[in-house]
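Have a look at the structure that comes next, please.
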Amino acid sequence: MAIDRVKLLERLFEITRGLSASVDAETYLQSIISAAAELTASETASLLEYDEVSQEFSFKFVPWFHRDAVKSAKVPLEGSAAGWIFLNVKPLAIDDVTKDSRHYSKIDDLVGFKTRSILGVPLILHGRPVGVFEAFNKKDKYTREDILVLETLASLATTALQNDMLEKNIFSSQEEARELDKLKNEFIAITSHELRTPLGLILGHATFLRELIGSEFHEQVEAIIRNASRLKEIIESLASVDNYETGGSLVRSRRVSVARIIEDVSASFHEMTKSKGISLKTEIKDGRELWVDIDGGKIAIVLSNLLKNALTFTNEGGHVLIRGEQQPEYIVVSVKDDGLGIPAKDLPRVFDRFYQVESHLTRRHGGMGLGLSVAKVMIEMHGGRIWAESQEGVGSTFTFLLPANKKNEPESPPPFVG
Ligand code: ADP
């Protein structure tokens with residue numbers, strides 16, 4: 001019996017919509033199989049997937065009542081209708097299988113089914129056949145319209161299969177990324193822990209030697225101490241990110257003045273500012289002290305990291321401004337420079353651990369890409385937020401908020417601005 005055209009289109013439309021709405025590929029493909037049988041007025045339908053290695057087809061989707069019987073069944077490429085469709089990449093209609101040698105009858109015996117007629121179309125992915133979609137046993141002859149319907153359903157089935165494959169790939173990539181991240185964290189934790197002790201010894205002994213030896217080797221010992229101290233800083237940075245992630249780091253809050261931290265930190269960069277000829281200014285709105293309960297040591301590290309970057313990535317004669325402001329719920333601190341700026345594509349990633357805009361091979365500045373990730377960790381420990389706004393060639397502004405009252409969590413931060 002021919003199906004009403006409008007009904008047919010409605011069903012196809014409904015199935016097309018199901019592609020994005022359907023929760024799982026399995027259910028969706030099963031519904032495509034039923035629809036293929038229904039819309040071509042066939043007894044049943046099945047979807048065969050081609051395996052390049054064994055050069056055979058296996059049944060990917062069949063009606064549930066045939067599922068167990070065909071679970072391990074294979075259809076050969078040679079001597080089967082599926083093989084012909086696959087190799088010729090063309091639809092095939094066989095109205096009477098007894099008169100056509102291309103029918104592979106072994107599956108009938110296996111399933112207890114009697115194939116009389118077949119309509120099959122290739123499943124095509126990126127221009128290549130990947131399987132075959134077949135309908136069986138229409139009372140009348142298969143028509144041109146049946147071919148179109150089956151081809152439409154075949155292309156929906158291929159898309160659903162591809163979506164499913166991509167989803168599985170994404171899932172396994174995420175799993176892999178999580179595993180790699182775990183390994184990286186373990187590596188950082190172990191390395192920073194193991195490096196601390198020998199480095200402490202080097203520093204201790206070098207400091208001791210400095211007192212003992214004369215001025216002849218003073219410069220060399222100073223170089224040892226300076227570089228060992230630098231290594232210590234790097235290890236501390238690594239450890240502070242790791243400690244936060246493993247819950248090992250504590251915020252020791254005391255009532256401190258953020259205005260004073262701003263002044264102290266900017267004073268500590270006096271030498272660097274002078275040698276680069278950069279104008280460094282501080283501006284505390286209304287001359288407030290900006291009292292707040294925080295771990296002053298950690299916030300000083302945050303500000304140092306931001307200021308060091310601002311001075312590093314600003315050319316001679318540039319300007320850096322640190323601003324502090326009391327708002328009802330937060331203390332807002334920003335570090336603004338008119339330096340190199342950060343390309344829009346890199347901006348969302350600058351707070352990632354080890355991320356640097358320039359690659360390690362081409363970069364002219366030192367650093368390990370840890371300063372901002374440490375800053376972010378420390379601000380978030382305080383229930384605060386930190387973000388960056390920047391324009392390449394114009395400059396950057398890094399801003400952080402600290403809750404003035406700990407019970408008040410800040411709202412979402414403003415979006416990244418390129
Ligand atoms: P590093 O210690 O290597 O500088 P950070 O985490 O502090 O690492 O910064 C990551 C990267 O972000 C830097 O390598 C730099 O490319 C970019 N960056 C940070 N601050 C600024 C800034 N004020 N101006 C331009 N680029 C910056």
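Using the C-alpha atoms of the chain, what convex hull volume per residue, in cubic angstrom, is computed?
Values: hull volume 101.7 nm³, N = 418.
For the chain, the hull spanned by Cα atoms encloses 243 Å³ per residue.
With a bin width of 5 angstrom, please list the P(r) values of the stretch 113-184 as percents of all Cα-Cα pairs, from the 0 bin to the one holding the largest distance.
Percent of Cα pairs in each bin: 3, 14, 17, 15, 12, 10, 8, 6, 6, 4, 3, 2, 1.
Right, next: 5 Å is the cut-off here: which amide hydrogens, built 1.01 Å from N in the peptide plane, fall below it relative to residue 123, excluding neighbours closer than 5 in sequence?
130, 131, 132, 133
Considering only protein heavy atoms, what per residue accessible area in square angstrom results for the chain with a 1.4 angstrom probe?
Details: 23800 Å² over 418 residues.
Ligands and nucleic acids excluded, the result is 57 Å² per residue.
Under 5 Å between amide hydrogens, which residues at least 5 positions from residue 138 or on another chain qualify, with H placed 1.01 Å from N in the peptide plane?
Close amide H contacts, sequence-distant or interchain: 43, 117.
Let me ask something else about it. For residue 143 and residue 65, what does the FRET efficiency come to when R0 = 35 Å and r is the distance between their Cβ atoms, rounded to the nearest 0.05? Provide the component values of the computation, followed by the final result.
Numbers: r = 27 Å, r/R0 = 0.77.
Efficiency, rounded to the nearest 0.05: 0.85.
Once you sort the root eigenvalues of the Cα gyration tensor of the stretch 2-171 as a ≥ b ≥ c, which label holds: rounded (a/c under 1.5), prolate (a/b larger than b/c) or oblate (the other case)? Numbers along the way, then the final one.
Details: a/c = 1.56, a/b = 1.12, b/c = 1.39.
It is oblate, given that a/c is not under 1.5 and a/b is not larger than b/c.
Counting only protein heavy atoms and a 1.4 Å probe, tell me what percentage of the stretch 303-358's accessible area is made up of carbon and sulfur. Provide the component values of the computation, followed by the final result.
Values: 1200 of 2430 Å².
After summing per-atom areas, the C and S share lands at 50 percent.
At a 1.4 Å probe radius, carbon and sulfur cover how many percent of the accessible area of the stretch 96-162? Before the final figure, lay out the partial values.
Numbers: 1800 of 3370 Å².
About 53 percent, which is the carbon plus sulfur part of the accessible surface.
Give me Rg/Rg_expected for the stretch 96-234, where Rg uses Cα atoms only and Rg_expected = 2.2 N^0.38 Å with N residues. Don't skip to the end; give the middle numbers.
Working: Rg = 36.3 Å, N = 139, 2.2 N^0.38 = 14.3 Å.
Against the compact-globule rule of thumb, the ratio is 2.53.
If you don't mind, there's one more thing I want to ask. In deg cm²/dmol and to the nearest 500, what is the mean residue ellipticity at 222 nm of the chain if only DSSP H runs of at least 4 residues count, each as -39500 (n - 2.57), divided by the residue total? Write down the numbers at each step before the final one.
Working: 11 runs with 196 residues, N = 418.
The helix contribution divided over the chain gives -16000 deg cm²/dmol.
Could I ask something else about it? At 1.4 Å probe size, with the rest of the protein present, what percent of the exposed accessible area of the stretch 179-245 is carbon and sulfur atoms?
With neighbouring chains kept in place, the figure for the stretch 179-245 is 63 percent.
Mind ranking 174-183, 26-35 by how tightly packed they are, going by the mean number of other C-beta atoms within 10 angstrom, highest first?
Sorting 174-183, 26-35 by mean packing, highest first, produces 26-35, 174-183.
Set the bar at 30 Å for Cα to Cα. Now go through 168/298; 276/298; 285/345 and name every pair that lies beyond it.
Details: 168/298 42 Å; 276/298 26 Å; 285/345 33 Å.
Over 30 Å apart, Cα to Cα: 168/298; 285/345.
Follow-up question, since we're still on this one. One quarter of the convex hull surface, Cα atoms only: what value does that give for the stretch 254-403 in nm²? Intermediate values should be presented prior to the final figure.
Working: hull surface 33.8 nm².
If you wrap the Cα atoms of the stretch 254-403 in a convex hull and average its projections, you get 8.4 nm².
Take residue 219 and residue 184, extend 7 Å from each Cα along the Cα→Cβ direction, and tell me the distance between the two endpoints in nm.
4.1 nm
The values are calculated or read from the model by the stated rules, or taken from the named source; none is laboratory data. Remember, predicted model here, so these are calculated numbers, not experimental data. Don't worry about glycine lacking a Cβ; one is built from the backbone with ideal geometry, like all the others, and counts go over all protein chains shown. Accessible surface is based on the protein model in full, side chains and every heavy atom, while ligands, DNA and RNA are left aside. Shrake-Rupley method; radii C 1.70, N 1.55, O 1.52, S 1.80 Å.
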